[in-house]
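Only the coordinates and a few stated rules stand behind these numbers; no lab work does. On a predicted model such as this, the values are computed, not experimentally measured, just so you know. As a convention, Cβ positions derive from the backbone with ideal geometry for all residues, glycine included, and neighbour counts pool all protein chains shown.
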Amino acid sequence: MFGRLINPEYFIRVYQPFLMHKKYCLATCLCLLLSIFLNAQLRVGVKGGLNFNQPVGKEKNGSGTGKHIDRYDLHTDFHAGLTADIPVTQKFHIRPDLLFSRRMAKYGTSSTEGSVYRFYEETLKADFLEIPVHFVYYHQMKHLALYLGGGPYIGFALSGKAKNYGGSRTGTDLGEQISVYASQEEDWYKKTSFGAVLAAGIDLPFGLTGELSVHRAFNDVNNSHLVNTNTKVINFNYAVSVGYLLGRKRS
């Protein structure tokens, strides 16, 4: 069952109908953040951890239904920011976050055909301000609590850089010909990314928290005009987080 939940194709098929437009996603996030100030049981805190980023690549074509290609390698980066826990009922909580999140992806390949050696490397990096909102089932135990849920998220790109490097080498050491190229651009990304999150976590004594989550974007974030103009890039990453919440739990 868990394998189906983290499968990218299953993930997007289940959640995409609820987030067909980024304006609805943004409105949902803002309304839920506003409810923070209306809830007396609010607990706020800090949160941070690691991103394990591996974007889904799809080849662009005229039909708009790109062929799926797994081309980016798994890369580790970080996230950090604010979090909150809003008990709606004893069993149902809302947990919004406001996070700075860095995403990086790399790809490299090489091949040899006869006396011709070809190589290519590509690196994509972008920093996002992300607002995920988790609707969770909350199970209180004697000394700790477990929760499981998911919801929408929206990310606003802050900065980034894309670069590639490639070429070919022909011949032997005695008569070698080398051809290389490289390019770089700053604004390779689209300004917004939106999608869905699945999360499972634990609240420990003294306000400590831990969480595992899976993030899947629904839109192509690639707006490159130089480095990579042929591939749709859809963010997909796992995250491991730890945090600290202030305030008392509802008894």
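Here are some notes:
- Straightening the chain between Leu246 and Arg118 buys 40.5 nm, computed as 0.36 nm per residue apart minus the Cα-Cα spacing.
- Here the label points at Asn219 and Gln90, each 7 Å from Cα along the C-beta direction, are separated by 4.2 nm in the simple model.
- Unsatisfied cross-links (Cα-Cα over 29 Å) in the set Lys47/Lys106; Lys60/Lys161; Lys91/Lys190; Lys106/Lys191; Lys58/Lys191; Lys47/Lys191: Lys91/Lys190
- Between Gln184 and Lys142, the contour length at 0.36 nm per residue exceeds the alpha carbon distance by 9.6 nm.
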